[in-house]
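Chemist: Would you mind keeping the following structure in view while I ask a few things?
The values are calculated or read from the model by the stated rules, or taken from the named source; none is laboratory data. Note that the coordinates shown come from a computational prediction; the quantities given were computed from them, not determined experimentally. Don't worry about glycine lacking a Cβ; one is built from the backbone with ideal geometry, like all the others, and counts go over all protein chains shown. For the accessible areas, the whole protein counts, side chains as well, though only heavy atoms, and no ligand, DNA or RNA atoms are used. Shrake-Rupley method; radii C 1.70, N 1.55, O 1.52, S 1.80 Å.
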There are 2 protein chains.
Amino acid sequence: MDHPRITIIGAGNLATRLAVALYEHGFCISRIYSRTADSAKTLAAMVDTDYTTEIPHIGTDSDIYIFSVKDDALPGILKQLPPLKGLLVHTGGSIPMDIFAPYSDSYGVFYPLQTFSKTRKIDFAETPVCIEASGEKELKQLAALAESISRHVLPVNSDRRKYIHLAAVFTCNFVNRMYDIGAEILQQQQLPFDLLQPLIDETAAKIHSLSPFEAQTGPAVRYDRSVTEKQSALLNDESLKTIYELMSKNIHQRHLSNR
Amino acid sequence: MDHPRITIIGAGNLATRLAVALYEHGFCISRIYSRTADSAKTLAAMVDTDYTTEIPHIGTDSDIYIFSVKDDALPGILKQLPPLKGLLVHTGGSIPMDIFAPYSDSYGVFYPLQTFSKTRKIDFAETPVCIEASGEKELKQLAALAESISRHVLPVNSDRRKYIHLAAVFTCNFVNRMYDIGAEILQQQQLPFDLLQPLIDETAAKIHSLSPFEAQTGPAVRYDRSVTEKQSALLNDESLKTIYELMSKNIHQRHLSNR
């Protein structure tokens, strides 16, 4: 089974980029489901297939069903599923694999460790994909699928996957919000965000050769109190001020106890 | 005056990378000062010059004196200075220019917006340098110096520079600590930090084409409570748990009020 037929349940960022990557690698996407007709239609057009907004109508002739929806939404969707013979797979970092157990005995997880936006193409070949499956046969099937688009496929159980997802939230989602805070601060001074780009790029690049612990710089690690106090005073937003103070204290403590 | 003689006061990360960059661009470094003899000696050897650990012995024959020391340390150093005819410049993001006013009438600021580590070479050509000077003549002198190593030189006054420095702390120092937290989480699970590298690289790369606001992903922006609650519960360290909850709430609020 070189090219299994795949149904995609979801049309968000991850679902979109994954469906497009699979389609571009020659897979046949049988159908797209989204509860939002516009999203379903847009993605279906991108991968040359049909769409539905009704779970009972997702069809039953696929080999693999990939569920890429909000964690909160998955249980409600599973309850409405028609009986399916194919492999059921979700893409969530924090959802245990056995959420599928009541509905099938052929299931697994396909978790790509990456940040996805609908409009930005991802190099899937360089994206680690964590896989887990209910049995040997399913694991082989999932590995074949993952290896057809990524060079970094690794089996990871549900417990460790949770921690990988947690680390991803800190190093991607929280990092991005830090970029956004920087953008807000510069915008208030009518300065362009571009100014920070070389610094942001170097900060990401330097941890290829230094550990993040070794790479730490700034007033907090130097315990340069005259800077941290002045900087905290510049922040009017209470939430940002609290984040500033907590991060500064945390960095100082981290380097105090390890030096 | 194509190649002014330069004295470097300080031998930390920034002082080291700046001294080396100037030296490699043909400038003569007259002397290195550091209160730590080892640091002074190491840097002096790198730029083929002498060193001292005594401020009164820094010499008086340079055209430019660059002070790159902890903000807290600068006032004490200035008090010990011998009378100097050259241009006095500091590299601090948050120190007002007029800290030099009691000691000279020829002074300024040379603030490179970058993260520096002693062992990692920086592409100074791509590093924005914010300059400010006490007069027109000094500004020209400083611009010539800055433009000899960087393609992005911009005049910025002390007030706006403070905000640029604040934005840099969020987008570099706090970002790096987020990387470090990710590394700590993976290390506890005996997983290699490398796993996060494609995600970290893509997170930095994507804001070249999307604004950080548009680029935001993750459970907090989706308000996926079942994920954020489970993730917070995984964190045993109270400081990290507080950071997790604050950042999640802050991201949620940011996207609630702007959508």
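Chemist: Is there a pair in A:Lys70/A:Lys162; A:Lys70/B:Lys230; A:Lys241/B:Lys249; A:Lys79/B:Lys241; A:Lys206/B:Lys118 whose C-alpha atoms are over 23 Å apart, and which pairs would that be? Before the final figure, lay out the partial values.
Modeler: Numbers: A:Lys70/A:Lys162 15 Å; A:Lys70/B:Lys230 14 Å; A:Lys241/B:Lys249 14 Å; A:Lys79/B:Lys241 34 Å; A:Lys206/B:Lys118 12 Å.
Going by Cα-Cα distance, A:Lys79/B:Lys241 fall outside the 23 Å limit.
Chemist: Let me ask something else about it. Which value results for Rg/Rh of the protein assembly as shown when Rg is the Cα radius of gyration and Rh the Kirkwood radius based on the inverse mean 1/r?
Modeler: On the way: Rg = 26.7 Å, Rh = 25.0 Å.
Looking at the protein assembly as shown, the ratio lands at 1.07.
Chemist: Enter the buried accessible area of the A/B pair, total of both sides, probe 1.4 Å, in Å² rounded to the nearest 100. Spell out each step's value before the answer.
Modeler: Details: alone 15360 and 15330 Å², together 21590 Å².
Approximately 9100 Å² gets buried when A meets B.
Chemist: Shifting gears a bit: Give the aspartates and glutamates whose C-alpha is closer than 15 Å to that of A:Lys85, dropping any in the same chain fewer than 8 places away, or say none.
Modeler: By straight Cα distance, A:Lys85 reaches A:Asp61, A:Asp63, A:Asp105, A:Glu138.
Chemist: Charges only on Cβ, +1 for Lys and Arg, -1 for Asp and Glu: so what's the dipole of the range A:3-86 about the Cα centre, in debye to the nearest 20?
Modeler: Numbers: 8 positive and 9 negative charges, 26 e Å.
That gives the range A:3-86 a dipole magnitude of about 120 debye.
Chemist: When the expected Rg is taken as 2.2 N^0.38 Å, what fraction or multiple of it is the alpha-carbon Rg of the range B:10-140?
Modeler: On the way: Rg = 13.8 Å, N = 131, 2.2 N^0.38 = 14.0 Å.
Compactness ratio reported: 0.98.
Chemist: I've got another one for you. To the nearest 10 degrees, how steep is helix B:136-149 against the longest Cα principal axis of chain B, on a 0 to 90 scale?
Modeler: Tilt relative to chain B: about 60 degrees.
Chemist: Express in % the proportion of alpha carbon pairs of the range A:192-259 at distances exceeding 15 Å. Please report the intermediate quantities before stating the final value.
Modeler: Details: 1420 of 2278 pairs.
I get 62 percent for the Cα pairs in the range A:192-259 exceeding 15 Å.
Chemist: Out of every Cα pair in the range B:69-219, what percent are spaced more than 20 Å from each other?
Modeler: Values: 6918 of 11325 pairs.
Percent of Cα pairs beyond 20 Å in the range B:69-219: 61.
Chemist: Which order do you get for A:Lys249, A:Lys118, B:Lys241, A:Lys41 if you rank them by accessible area with a 1.4 Å probe, largest at the top? Please report the intermediate quantities before stating the final value.
Modeler: Working: A:Lys249 140, A:Lys118 90, B:Lys241 45, A:Lys41 120 Å².
Output order, biggest surface exposure first: A:Lys249, A:Lys41, A:Lys118, B:Lys241.
Chemist: I would also like to ask the following. Please give the charge dipole size of the protein assembly as shown, origin at the Cα centre, charges +1 on K and R Cβ atoms and -1 on D and E Cβ atoms. Round to the nearest 20 debye. Write out the running numbers ahead of the final one.
Modeler: On the way: 52 positive and 60 negative charges, 115 e Å.
Around 560 debye, computed over the protein assembly as shown.
Chemist: Please give the helix B:175-188 orientation as an angle from the longest Cα principal axis of chain B, in degrees from 0 to 90, rounded to the nearest 10.
Modeler: Computed tilt is about 50 degrees.
Chemist: Rounded to whole Å and sorted largest first, what semi-axes of the equivalent ellipsoid does the C-alpha gyration tensor of the range A:1-69 yield via the square root of 5 times each eigenvalue? Mind showing how you got there, number by number?
Modeler: On the way: eigenvalues 56, 36, 19 Å².
With the √(5λ) rule applied to the range A:1-69, the semi-axes are 17, 13, 10 Å.
Chemist: I need the Debye-formula profile for the range B:143-259: one equal scatterer per C-alpha, no solvent, reported as log10 I(q)/I(0) at q = 0.14, 0.19 1/Å, two decimals.
Modeler: Taking Cα atoms of the range B:143-259 as identical point scatterers yields -0.80, -1.26.
Chemist: Given a 1.4 Å probe and every protein chain left where it sits, what share in percent of the accessible area of chain B is carbon and sulfur? Working shown, then result.
Modeler: Numbers: 5210 of 10770 Å².
Carbon and sulfur atoms account for 48 percent of the accessible area of chain B.
Chemist: Pairing the Cα long axis of helix A:158-168 with the longest principal axis of chain A, what angle in degrees results, from 0 to 90 and rounded to the nearest 10?
Modeler: The angle comes out at about 40 degrees.
Chemist: Dividing the alpha-carbon Rg of chain B by 2.2 N^0.38 Å yields what?
Modeler: Values: Rg = 22.0 Å, N = 259, 2.2 N^0.38 = 18.2 Å.
Its radius of gyration relative to the 2.2 N^0.38 Å reference: 1.21.
Chemist: Report the FRET efficiency, 1/(1 + (r/R0)^6), for A:Gln190 and B:His25, where r is their Cβ-Cβ distance and R0 is 45 Å, rounded to 0.05.
Modeler: Values: r = 32 Å, r/R0 = 0.71.
For R0 = 45 Å, the calculated efficiency reads 0.90.
Chemist: Against the globular-protein guess of 2.2 N^0.38 Å, express the Cα radius of gyration of the range B:159-228 as a ratio, rounded to two decimals.
Modeler: On the way: Rg = 14.7 Å, N = 70, 2.2 N^0.38 = 11.1 Å.
Relative to the 2.2 N^0.38 Å estimate, the range B:159-228 comes out at 1.33.
Chemist: Quick one: go through the range A:225-259 and flag any residue whose amide nitrogen is under 15 Å from the point 7 Å out along the Cα-to-Cβ line of B:Lys79.
Modeler: Within reach of a label on B:Lys79, which here means backbone N under 15 Å from a point 7 Å along Cα→Cβ, the range A:225-259 contributes nothing.
Chemist: What is the distance in Å between the Cα centres of the range B:15-68 and the range A:157-210?
Modeler: Measuring centre to centre over Cα atoms gives 34 Å.
Chemist: Sticking with this structure for a sec: Work out the FRET efficiency for B:His3 and A:Leu256 from their Cβ-Cβ distance, taking R0 = 41 Å, and round it to the nearest 0.05. Each step should come with its number before you reach the end.
Modeler: On the way: r = 42 Å, r/R0 = 1.03.
E(calc), rounded to 0.05, equals 0.45.
Chemist: Can you tell which of A:Leu22, A:Leu210, A:Tyr244 lies farthest toward the positive end of the dipole of chain A, using +1 and -1 charges on the Cβ of basic and acidic side chains (Lys, Arg; Asp, Glu)?
Modeler: Result: A:Tyr244.
Chemist: Please give the per residue accessible area of the protein assembly as shown, computed with a probe of 1.4 Å over protein heavy atoms only, in Å². Each step should come with its number before you reach the end.
Modeler: Details: 21590 Å² over 518 residues.
Value for the protein assembly as shown: 42 Å² per residue.
Chemist: Now for a different question. At 222 nm, what helix-only mean residue ellipticity would the protein assembly as shown give, in deg cm²/dmol to the nearest 500, using -39500 (n - 2.57) for each DSSP H run of four or more? Don't jump to the answer; show the numbers that get you there.
Modeler: Values: 22 runs with 226 residues, N = 518.
It lands at -13000 deg cm²/dmol.
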